[in-house]
Amino acid sequence: MIITTGYDPIPEIVQRAQILADRLNVEYKPRYKFSLGKLVELYGDEDVLVVLQEAVRLLRPGMPPMEFHPSMGFVRAKRVIKGESDPMLEAAGMEQGDSVLDCTAGLGTDSLLFAVYGGDSSVITALESSLPLYALLLEGLSSYVSGQELVNAAMRRIKVVHSDHLHYLRAQQDNSVDIVYFDPMFRQPLTDSSAISPLRQYANGAALSPVSVSEAVRVARKCVLLKEKALSGEFERLGFTELLRNKSKTSYGVIQIGNKS
């Protein structure tokens, strides 16, 4: 992967792009007047992250571009700020100040909601194993301006980590996080989930393993939460109690931890 900018960037954008490249241990390449296709041809890397003044985009030849945006996460966050309920937060039994480990961050939609609801004292860690998605999420959460100060502050509080979730979980102490959350790519996509389609080209499509769930149970203090297609066999396979929602194509499954001795 290479990091670049738009045409004729201001110095601050160049600096942001260079800092990001150094952090990711990838190359920063000046854009000059090159097209993105020419950049790929010159440097031989298909994935290009473009840092712009008000956006960050991930591009791969032949694929639609991905731009960081909280999308439905922003809509849901505004509802929560107004005091409305959210099915994910209800399923998790989250309280303000709870810590959350989001094991499958993607574009950070759910991490954002946890951070908004959890407040300043909550600790939200978002794991992403795909380097291009990690780069997009890291830069997006640190620079995106939503127009809602509470949402902006919540985005800045999220700790983004480039890691496979099983590797990360194995390194954590017992009972060290309140809620551990999984939202893996569905084995069979929902036909009307076109917003997720660009994500699939980058995301880890592996099925969630019982070993990962076992590690999550060890690490969690309150619960382990799984989002899946409604009536999916994954809930039973992995030991979750499915919480069906009326007329919803997705469900949350929960493993309640309680007190461990």
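The values are calculated or read from the model by the stated rules, or taken from the named source; none is laboratory data. Since the model is a prediction, treat every value here as computed from it, not as a measurement. Note: ideal-geometry Cβ built from the backbone for every residue, glycine included; neighbour counts use all protein chains shown. Accessible surface is based on the protein model in full, side chains and every heavy atom, while ligands, DNA and RNA are left aside. Shrake-Rupley method; radii C 1.70, N 1.55, O 1.52, S 1.80 Å.
Some points to look at:
- Residue tally, condition modelled with pLDDT of 90 or more, more than 17 Å from residue 153 (Cβ to Cβ) and among the hydrophobic types (A, V, I, L, M, F, W, C), over the stretch 69-86: 1
- Of all the residues in the stretch 111-135, those that are at pLDDT below 95 and either of a type in the set (A, V, I, L, M) or in contact with a Pro (Cβ under 9 Å, 6 or more places away or on another chain) (or both) number 2.
- Scan of the stretch 27-56 for residues that are touching a residue at least 60 places away in the same chain (Cβ under 8 Å) and surrounded by 18 or more Cβ atoms within 10 Å (Cβ to Cβ), ordered by number: 47, 49, 51, 56
- Criterion violated by residue 211 - all others in (1) surrounded by fewer than 12 Cβ atoms within 10 Å (Cβ to Cβ); (2) more than 24 Å from residue 127 (Cα to Cα) satisfied: (2)
- Residue 55 meets each of the listed conditions (1) modelled with pLDDT of 90 or more; (2) over 24 Å from residue 142 (Cα atoms) apart from (2).
- Any pair with Cβ under 9 angstrom, 6 or more apart, that starts in the stretch 110-122 at a residue that is free of Cβ contacts under 8 Å to residues at least 24 places away in the same chain and ends at one that is open to solvent by less than 20 Å² (accessible area, probe 1.4 Å): 119/154
- Subset of the stretch 93-110 [touching a Leu at 6+ places or on another chain (Cβ under 8 Å) and under 14 Å from residue 180 (Cα atoms)]: 101, 102, 103, 104, 105
- Selection status of residue 105, touching a helix residue (DSSP H, G or I) at 6+ places or on another chain (Cβ under 7 Å), open to solvent by less than 30 Å² (accessible area, probe 1.4 Å) and not β-branched (Val, Ile, Thr): yes
- Restricting attention to the stretch 66-92, the residues being in contact with a strand residue (DSSP E or B) (Cβ under 6 Å, 6 or more places away or on another chain) and touching a residue at least 24 places away in the same chain (Cβ under 8 Å) number 4.
- Condition met for residue 101 (in contact (Cβ under 8 Å) with a residue 60 or more places away in the chain, in contact with a Ser or Thr (Cβ under 6 Å, 6 or more places away or on another chain) and more than 22 Å from residue 149 (Cβ to Cβ)): yes
- Residues satisfying the stated conditions in the stretch 1-26, i.e. touching an Asp or Glu at 6+ places or on another chain (Cβ under 7 Å) and either open to solvent by 20 Å² or more (accessible area, probe 1.4 Å) or farther than 20 Å from residue 65 by Cα (or both): 1
- Flag for residue 130 being touching a residue at least 40 places away in the same chain (Cβ under 8 Å), open to solvent by 30 Å² or more (accessible area, probe 1.4 Å), under 23 Å from residue 20 (Cβ atoms) and small (Gly, Ala, Ser): no
- Search result, residues across the stretch 151-192 that are over 13 Å from the mean Cα position of the chain (by Cα), modelled with pLDDT of 95 or more and over 13 Å from residue 216 (Cα atoms): 151, 152, 153, 154, 156, 157
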